Amino acid sequence: MPSNDSSGTVTAGLAWTGAGLALVCALIAASSGLGYQMGVWHFRTGFTILRWSVYVAAGAGVIALVAFALAAIRRAGVQVAISAAGVAIAIALVLPAWNLQRTASQVPRIHDITTDTVNPPQFVALLPVRQKAPNGAAYGGAKIAEAQKAAYPDIKPALLKLAPAQAFQRALAEARDLGWEIVAAEQAQGRIEATATTFWFRFRDDVVIRIVPHGDGSRLDIRSMSRVGRSDLGANAKRIRVFLKHLQSGA
């Protein structure tokens, strides 16, 4: 009997330790982006906090998993539930981080994507903001263009069977539907500028769209550029793909 009590105490301790530690890691991970948003620390510090919270959460998940197995053998319902919660929290932290790391290893370390790498659309209204940002406003040239074409060969201009004025209004509507903050909409110049904000860390990426006559219709080029960070983890290419898909499905 004392042996059973002892094993039960150990199992309960492991269950509470694993679940509690996983929960603390989840709260710390959530604070990594919040601290950057509030200006408490640099985004790289936030990434470090996030990374270590994931490492510790993985360990907590292992502890909770061991507790789950022991509790299941003992048929201790409460301990099974607590340890299962710990495993679930750990997985919820570790799995997205693993996917993010895998993405980082598969995409080039660039942060400026455009459908026209020879003559990229230029920022005008957003130029003062871009010039103050760490990544600036200048295009990186042939090296960046080659990296983009190798990783995202599908990022190409959109040729629309719409007059420039119609294409402009459709592009503007799509940008708004995607939740972008419209900074400039100059129909006479065929230029739309907007800012998109990412989830969690709330990074602000800038977008410029250029529309010109092309044959009986229009040609639309788009450029999406991060303000900070060497690698965008594929975010700008994804943003352009989503925009073009929505635009062309309705054109």
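Output the number of residues of the stretch 153-165 satisfying the condition of being over 15 Å from Phe243 (Cα atoms) and part of a loop (DSSP other than H, G, I, E, B). Lay out the reasoning, then the answer.
Residues of the stretch 153-165 that are over 15 Å from Phe243 (Cα atoms), as a first pass: 153, 161-165.
Next, only the ones that are part of a loop (DSSP other than H, G, I, E, B) stay: 153, 161-163.
Counting residues in the stretch 153-165 that are over 15 Å from Phe243 (Cα atoms) and part of a loop (DSSP other than H, G, I, E, B) gives 4.
Among (1) under 20 Å from the mean Cα position of the chain (by Cα); (2) part of a helix (DSSP H, G or I), there is one condition Phe168 misses while meeting the rest; what is its number?
(1)
Mind counting the residues in the stretch 198-236 that are surrounded by fewer than 23 Cβ atoms within 10 Å (Cβ to Cβ) and closer than 18 Å to Gly179 by Cβ?
The qualifying residues number 9.
When you go through (1) outside the structural domain of Phe201 (by TED's automatic domain parsing); (2) at pLDDT 95 or above one by one for Thr117, which number turns out not to apply?
Thr117 satisfies all of (1) outside the structural domain of Phe201 (by TED's automatic domain parsing); (2) at pLDDT 95 or above except (1).
Among the residues of the stretch 149-205, write down those that are touching a helix residue (DSSP H, G or I) at 6+ places or on another chain (Cβ under 8 Å), touching a residue at least 24 places away in the same chain (Cβ under 8 Å) and within 20 Å of Gly229 (Cα to Cα).
Result: Ala151, Tyr152, Ala196, Thr198, Trp200, Phe201, Arg202, Phe203, Asp205.
Which pairs turn up if I take residues in the stretch 121-147 that are on the phi < 0 side of the Ramachandran plot and look for partners that are in a helix (DSSP H, G or I) with beta carbon separation below 6 Å, at least 6 apart in sequence or on another chain?
Phe123/Arg130; Ala137/Leu127; Ala137/Arg130; Ala137/Gln131
Which of the residues that make up the stretch 72-114 are modelled with pLDDT of 95 or more, small (Gly, Ala, Ser) and more than 23 Å from Val54 (Cβ to Cβ)?
Ala81
Which residue, of Phe68, Phe43, is under 18 Å from Asn236 (Cβ atoms) and either in contact with a helix residue (DSSP H, G or I) (Cβ under 8 Å, 6 or more places away or on another chain) or surrounded by 13 or more Cβ atoms within 10 Å (Cβ to Cβ) (or both)? Lay out the reasoning, then the answer.
Numbers: Phe68 fails: under 18 Å from Asn236 (Cβ atoms).
The unique qualifying residue is Phe43.
The values are calculated or read from the model by the stated rules, or taken from the named source; none is laboratory data. As the structure is a prediction and not an experimental result, all values here were calculated from the model. Glycine gets a Cβ as well: all are built from the backbone with ideal geometry, and neighbour counts include every protein chain shown.
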